[in-house]
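Here's the structure, in structure tokens; my notes come after.
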Amino acid sequence: MLYQSRANGFTLIELIMVIVVLGALSLFVAPSFSSKTSFDTLSFHQELKTAIRFAHKLSIASQCEVQVSLAANSYALFYPDVTCNPPDAFGANPVNHPVMSGGYAGNAPSGVTITSFGNFFFTASGAPNSSGTITINPGGRQIVINALTGFVQ
């Protein structure tokens, strides 16, 4: 007796298995795409940490203080207004962004906020005049400034 094979389509079991696998994937993958806030928080955390590290390195390289000015939803970097060592005042002399035109500053995306210990500056040796923890919310991501070395982690 000769058996003929049918290669015309999928069996019912194969179709059900595909539906089950797609359903399981949708349970785990879909929720991560529904909220953009977690991605915004992470990207702003990395952006702010990079800016603070740049201020730290720039203060050492230029032998002049560099201020990190923090607000609830923005940041900016400044040189002293008139003189370095000791600095007179900050706010009128922005640090130029190394890649983009204009001052080195940034705004938090909608729904993302900064909680910090206030404005601070790095001395010519790289040490911060004050230190602590900066928290980016929602999510509670933290940036820690080391009091002795100015190391940003």
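The values are calculated or read from the model by the stated rules, or taken from the named source; none is laboratory data. Since the structure is predicted, the reported quantities are computational estimates derived from the model, not experimental observations. Positions of Cβ are generated from backbone atoms using ideal geometry, with glycine treated the same way; all protein chains shown enter the neighbour counts.
Within the set of pairs 6+ apart or on separate chains, which have a first residue in the range 90-111 that is within 14 Å of residue 48 (Cβ to Cβ), a second that is among the acidic types (Asp, Glu) and modelled with pLDDT of 90 or more, and C-beta atoms under 8 Å apart?
Note: pairs meeting the criteria are 106/47.
Considering only residues that are among the small types (Gly, Ala, Ser) and surrounded by 14 or more Cβ atoms within 10 Å (Cβ to Cβ), which ones fall in the range 134-153? Talk me through it step by step, then tell me what you get.
First, the residues of the range 134-153 that are among the small types (Gly, Ala, Ser): 139-140, 147, 150.
Passing the criteria: 139, 150.
Are any of the residues in the range 52-59 surrounded by 16 or more Cβ atoms within 10 Å (Cβ to Cβ) and of a type in the set (Gly, Ala, Ser)?
Yes; the residues of the range 52-59 include at least one that is surrounded by 16 or more Cβ atoms within 10 Å (Cβ to Cβ) and of a type in the set (Gly, Ala, Ser).
Yes or no: residue 66 touching a Leu at 6+ places or on another chain (Cβ under 7 Å), in contact (Cβ under 8 Å) with a residue 40 or more places away in the chain, surrounded by 14 or more Cβ atoms within 10 Å (Cβ to Cβ) and more than 25 Å from residue 41 (Cβ to Cβ)?
yes
If a residue must be assigned to a helix (DSSP H, G or I) and surrounded by fewer than 20 Cβ atoms within 10 Å (Cβ to Cβ), how many such residues does the range 33-44 contain?
8
For the range 96-131, what are the residues that are under 18 Å from residue 76 (Cα atoms) and among the small types (Gly, Ala, Ser)? Spell out the reasoning first.
Applying the first criterion (under 18 Å from residue 76 (Cα atoms)) to the range 96-131 yields 96-110, 112-123, 126, 128-131.
Across the range 96-131, the qualifying residues are 101, 102, 103, 105, 106, 108, 110, 116, 118, 126, 130, 131.
Where in the range 45-153 are there strands (runs of 3 or more DSSP E), lying wholly inside it, with at least 1 residues that are farther than 30 Å from residue 35 by Cα, of a type in the set (S, T, N, Q) and over 18 Å from the mean Cα position of the chain (by Cα)?
In the range 45-153, the matching strands (runs of 3 or more DSSP E) lie at 66-70, 90-94.
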